[in-house]
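Report on the following structure.
The values are calculated or read from the model by the stated rules, or taken from the named source; none is laboratory data. The structure displayed is predicted, hence computed values, not measured ones. Using ideal geometry, Cβ is built from the backbone for each residue, glycine included, and neighbour counts are taken over all protein chains shown.
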Amino acid sequence: MLDYFFAQYNDYPVHEVYLELIAVFFGLCSVWFAKKDNILVFPTGLISTAIFAYLLWQWHLLGDSMINVYYFIMSIYGWYHWTRKNGDVQEFPISIMTRKNKVHAVIIFALTLVFVVFVYLYFNKFTSWYSYLDTLLTAIFFVGMWLMAKRKIENWIFWILGDVLSVPLYFAKGYTFTSIQYIVFTIIAIYGYLEWRKILNKTSQKL
């Protein structure tokens with residue numbers, strides 16, 4: 001059983017295995033802090049995404065590599081956005097998407113999809129179902145990260161969908177630790193949505 005799940009690591013450089021484990025650890029920490037609406041989601045996320053951007057490029061998952069570069073940039077923006085206050089009151093608390101946000105989300109999804117398809121075509125990387133799923137996941141996660149930086153509760157819906165689709169992708173590609181990470185991500189994201197919903201309801205009752 002262990003050979004079935006982890007035999008592929010026999011052919012990997014040792015440093016990549018260690019890097020994957022470190023990235024998984026900080027990735028899990030980041031999602032946990034996001035669930036708790038804790039600002040530490042961003043510094044832990046920066047470490048994880050920087051490592052994964054490198055590893056995914058090495059593994060020829062161009063879309064996911066670009067996702068992590070984008071995550072890195074958006075983590076810096078989100079860190080700033082979440083810390084903004086008007087006196088002692090958070091300027092951007094947890095909220096639901098507005099109509100304008102929805103329009104922007106659709107535009108981000110469409111533009112990301114077109115861009116990643118162009119990249120895959122340019123590098124002639126549409127060689128298996130991995131590539132097509134990777135393209136879709138890039139668009140889903142781009143929207144999810146943007147919504148999280150904006151502190152919109154709907155970000156969890158995109159994370160849940162993307163995490164579920166990522167499990168078979170990484171397992172099929174042979175990256176077992178990362179696949180397991182996405183199983184845990186899915187569970188935390190479900191609880192994250194429920195916890196943010198409670199916070200949002202409490203805030204609404206105070207108004």
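A few notes on this one:
- Pairs where the first residue, in the stretch 45-70, is crowded, with 24+ Cβ neighbours inside 10 Å and the second is of a type in the set (Val, Ile, Thr) and outside any helix (DSSP H, G or I), C-beta under 7 Å, 6+ apart: none
- Top-ranked residue of the stretch 61-112 - restricted to ones that are of a type in the set (Ser, Thr, Tyr) and assigned to a helix (DSSP H, G or I), ranked as modelled with the lowest pLDDT: Ser65
- All told, Ile153 falls short of being out of contact with any strand residue (DSSP E or B) (no Cβ under 8 Å at 6 or more places or on another chain), touching a residue at least 12 places away in the same chain (Cβ under 8 Å) and of a type outside the set (Ser, Thr, Tyr).
- Reported count of residues in the stretch 188-207, each being surrounded by 14 or more Cβ atoms within 10 Å (Cβ to Cβ) and small (Gly, Ala, Ser), is 2.
- The number of residues in the stretch 168-187 being surrounded by 16 or more Cβ atoms within 10 Å (Cβ to Cβ) and modelled with pLDDT of 95 or more comes to 1.
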